[in-house]
Amino acid sequence: MLPYERLLGSGMTFGRRILSLVPTVGLLMMCATGISRGQAIQVFAVPTANSDPNSITAGPDGNLWFTEQAGGKVGKITTAGVITEFPIPTPASSPNGIATGPDGNLWFTEGFPSKIGRITPAGAITEFSIPTNSGPNAIVAGADGNLWFTEFSNKIGRMTTTGVFTEFPIPIDNCYPQSIAVGPNGNLWFVESSQLQGANINYIVEVTPEGLMHAFPVPLASDQFTNGIAAGGGNYLWFTEVGTGVVGRMNSFGAFVRFSATPFSGPWVIADGPDGNMWFTEINGGRIGRITPSGSITEVALASDIDEPGGIVAGPDGNLWFTERNANQIGRIAPGQVVGAVAVPAMSPAMFMVLAVGLASAAMYVIGRR
């Protein structure tokens, strides 16, 4: 048995919750990137100025629904581009994640008052207070019929559609869970960063419906972090690495393959597309990216590199829909019109250094914990 297996494969018990730290294998960086020059994008202005449209999801009514973090509203946009806004009753609620629930309504998080909101397709809003001041972030409908959400207070929350909450503490210190998704096996998976021993340690964590957690360390440099996660593209889990400009792929056994987009472009949120590919936003580079299951990346430039694309989701019309936080717009991209890829430079020596530092950081952390 290797030294790291004694630590990472042993598991640690915290009350009734078990966090298993699982060794990750097969890390590989591959580069196959291009920039598309096709006219594939249309944008629609959000009526409220400076509203900061953030997360977006496909609704049960055939429309797209999104949160307006600065505007304190939930927005609805038809596939024809008509936008309707619904003010949230709690002022300055900072709505963030949004997802369609198993009950046919939309559910969203409210960061500052620590609430979960429900909005019907007709626009009626009900708010539910979380028992703790938790800072809810992303939200998703689980395979068990409940809503699951991440909390900046180092917890994962579960909520029934009738408003009953259960919170599961993450048994790793100083964690900041980000996106959450349903994996190919029906369990919940989320990405998180943890400040340990002065370094930023990243994990992809699996959560069962009972709240048991299994963590897979992602070796990155100490100043990097993961953000988005989604299932798809060959039955894998796909995730984004913000600082490195990398999109990663992981199977259920913890084997990673990592693919480089434009360096330091800030891959942010990732979603399963209608064309069998994964699509992601680049919040620093002002681009929408597409990655095939084999890792070939095409990037589509927006009107400006400061548009800050945020959330992205596949719509009922066969297009991808995304938010532009700084430009205050909702965008639509047609997968079939993303053509004319032009090769861009592969991974630079600096990127190799980032990878090397990340591996060394993870190894030193494991050795130090023996």
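Under the condition of being at pLDDT below 95 and over 15 Å from Ala45 (Cβ atoms), which residue from region 301-316 is surrounded by the most Cβ atoms within 10 Å (Cβ to Cβ)?
Restricting to residues being at pLDDT below 95 and over 15 Å from Ala45 (Cβ atoms), the top hit is Ala301.
Identify, please: which residue in region 167-222 is among the polar types (S, T, N, Q), part of a strand (DSSP E or B) and closer than 17 Å to Lys155 by Cβ and is, among those, farthest from the chain's Cα centre (by Cα)? It would help to see each step written out before you state the result.
Filtering region 167-222 for residues among the polar types (S, T, N, Q) gives 174, 178-179, 185, 187, 193-195, 197, 200, 202, 208, 222.
Now drop any that are not part of a strand (DSSP E or B), which leaves 178-179, 193-195, 200, 202.
Narrowing the set further to residues that are closer than 17 Å to Lys155 by Cβ leaves 178-179, 193-195.
Values: Gln178: 7, Ser179: 4, Ser193: 13, Ser194: 16, Gln195: 19 Å.
Once the filter is applied, the top-ranked residue is Gln195.
Given the conditions (1) within 22 Å of Phe264 (Cβ to Cβ); (2) surrounded by fewer than 24 Cβ atoms within 10 Å (Cβ to Cβ); (3) of a type outside the set (Val, Ile, Thr), report the number of the one that Trp238 does not fulfil.
(2) is the only condition that Trp238 fails.
Of everything in region 92-104, what is in contact (Cβ under 8 Å) with a residue 24 or more places away in the chain and either within 16 Å of Ala181 (Cβ to Cβ) or outside any strand (DSSP E or B) (or both)? Give them in sequence order.
To start, the set of residues in region 92-104 that are in contact (Cβ under 8 Å) with a residue 24 or more places away in the chain comprises 93-104.
Answer for region 92-104, where residues must be in contact (Cβ under 8 Å) with a residue 24 or more places away in the chain and either within 16 Å of Ala181 (Cβ to Cβ) or outside any strand (DSSP E or B) (or both): Ser93, Ser94, Asn96, Gly97, Ile98, Ala99, Thr100, Gly101, Pro102, Asp103, Gly104.
Considering region 322-346 alone, what residues qualify as being of a type in the set (A, V, I, L, M) and either modelled with pLDDT of 95 or more or crowded, with 20+ Cβ neighbours inside 10 Å (or both)? Walk me through it before giving the result.
Here is the first cut: in region 322-346, the ones of a type in the set (A, V, I, L, M) are 327, 330, 333-334, 338-339, 341-344, 346.
Ala327, Ile330, Ile333, Ala334, Val338, listed by residue number.
Answer yes or no as to whether Glu127 is without any contact (Cβ under 8 Å) to a residue 40 or more places away in the chain and buried (at least 24 other Cβ atoms within 10 Å of the Cβ).
Numbers: without any contact (Cβ under 8 Å) to a residue 40 or more places away in the chain: yes; buried (at least 24 other Cβ atoms within 10 Å of the Cβ): no.
Taking the combined requirement at face value, the residue does not satisfy it.
Mind telling me which of the residues Ala122, Ala143, Ala138 ends up being surrounded by fewer than 17 Cβ atoms within 10 Å (Cβ to Cβ), aliphatic (A, V, I, L, M) and farther than 21 Å from Asp317 by Cα?
Ala143 is the lone residue from the list that is surrounded by fewer than 17 Cβ atoms within 10 Å (Cβ to Cβ), aliphatic (A, V, I, L, M) and farther than 21 Å from Asp317 by Cα.
Those residues that are surrounded by fewer than 23 Cβ atoms within 10 Å (Cβ to Cβ) and either touching a Phe, Trp or Tyr at 6+ places or on another chain (Cβ under 6 Å) or touching a residue at least 60 places away in the same chain (Cβ under 8 Å) (or both), I need them from region 75-91; list them, please.
In the first step, residues of region 75-91 are kept if they are surrounded by fewer than 23 Cβ atoms within 10 Å (Cβ to Cβ); the result is 76, 78-87, 89-91.
Those that are surrounded by fewer than 23 Cβ atoms within 10 Å (Cβ to Cβ) and either touching a Phe, Trp or Tyr at 6+ places or on another chain (Cβ under 6 Å) or touching a residue at least 60 places away in the same chain (Cβ under 8 Å) (or both): Lys76, Thr79, Gly81, Ile83.
For region 111-134, give me the residue count where each residue is of a type in the set (Gly, Ala, Ser) and either more than 22 Å from the chain's Cα centre (by Cα) or more than 16 Å from Gly72 (Cβ to Cβ) (or both). Spell out how you get there, then give the answer.
The first filter runs over region 111-134 and keeps only residues of a type in the set (Gly, Ala, Ser), leaving 111, 114, 117, 122-124, 129, 134.
Then keep just the ones that are either more than 22 Å from the chain's Cα centre (by Cα) or more than 16 Å from Gly72 (Cβ to Cβ) (or both); that gives 122-124, 129, 134.
Number satisfying all stated conditions: 5.
Can you name every residue in region 254-289 that is buried (at least 23 other Cβ atoms within 10 Å of the Cβ), part of a strand (DSSP E or B), within 17 Å of the chain's Cα centre (by Cα) and not hydrophobic (A, V, I, L, M, F, W, C)?
Within region 254-289, Arg258, Pro267, Thr281, Glu282, Arg287, Gly289 qualify.
Kindly indicate which of Pro177, Pro184, Pro217 is within 16 Å of Asn235 (Cα to Cα) and in contact with a Phe, Trp or Tyr (Cβ under 8 Å, 6 or more places away or on another chain). So that I can check it myself, show each step before the final result.
On the way: Pro177 fails: within 16 Å of Asn235 (Cα to Cα); Pro217 fails: within 16 Å of Asn235 (Cα to Cα).
Just one listed residue meets the conditions, Pro184.
Any idea which of (1) closer than 15 Å to Arg287 by Cβ; (2) modelled with pLDDT of 95 or more; (3) among the polar types (S, T, N, Q) is the one Asn319 doesn't satisfy?
(1)
For region 291-313, give me each residue that is part of a loop (DSSP other than H, G, I, E, B) and closer than 12 Å to Met278 by Cα. Give the steps one after another, and end with the answer.
Start the filter on region 291-313 by keeping residues that are part of a loop (DSSP other than H, G, I, E, B), which leaves 292-296, 302-308.
Answer for region 291-313, where residues must be part of a loop (DSSP other than H, G, I, E, B) and closer than 12 Å to Met278 by Cα: Thr292, Pro293, Ser294, Gly295, Ser296.
The rows are residues; the columns are (1) among the aromatic types (Phe, Trp, Tyr); (2) modelled with pLDDT under 95.
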residue	(1), (2)
Leu19	no, yes
Val22	no, yes
Phe44	yes, no
Thr48	no, no
Asp52	no, no
Gly59	no, no
Trp65	yes, no
Gly71	no, no
Asp103	no, no
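Quick test of your reading of the structure: Glu241 fulfils all but one of (1) at pLDDT 95 or above; (2) more than 19 Å from Ala334 (Cα to Cα); (3) among the charged types (D, E, K, R). Name the failing condition by number.
If we test Glu241 against (1) at pLDDT 95 or above; (2) more than 19 Å from Ala334 (Cα to Cα); (3) among the charged types (D, E, K, R), just (1) comes out false.
For region 225-234, enumerate the residues that are in contact with a strand residue (DSSP E or B) (Cβ under 6 Å, 6 or more places away or on another chain) and part of a loop (DSSP other than H, G, I, E, B). Reasoning before the result, please.
Filtering region 225-234 down to residues in contact with a strand residue (DSSP E or B) (Cβ under 6 Å, 6 or more places away or on another chain) leaves 225-233.
Matches in region 225-234: Phe225, Gly233.
Condition first: in contact (Cβ under 8 Å) with a residue 60 or more places away in the chain and either farther than 17 Å from Ile172 by Cα or among the hydrophobic types (A, V, I, L, M, F, W, C) (or both). Now tell me which residues in region 206-233 satisfy that. Before the answer, list the steps.
First pass over region 206-233, keeping only residues in contact (Cβ under 8 Å) with a residue 60 or more places away in the chain: 209, 211-222, 224, 233.
If the condition is that a residue be in contact (Cβ under 8 Å) with a residue 60 or more places away in the chain and either farther than 17 Å from Ile172 by Cα or among the hydrophobic types (A, V, I, L, M, F, W, C) (or both), then Pro209, Leu212, Met213, Ala215, Phe216, Val218, Leu220, Ala221, Gln224, Gly233 are the ones that fit.
The values are calculated or read from the model by the stated rules, or taken from the named source; none is laboratory data. Quantities reported herein were computed from a predicted structural model and do not represent experimental measurements. Reconstructed Cβ throughout: ideal geometry from the backbone, glycine too, with neighbour counts over all protein chains shown.
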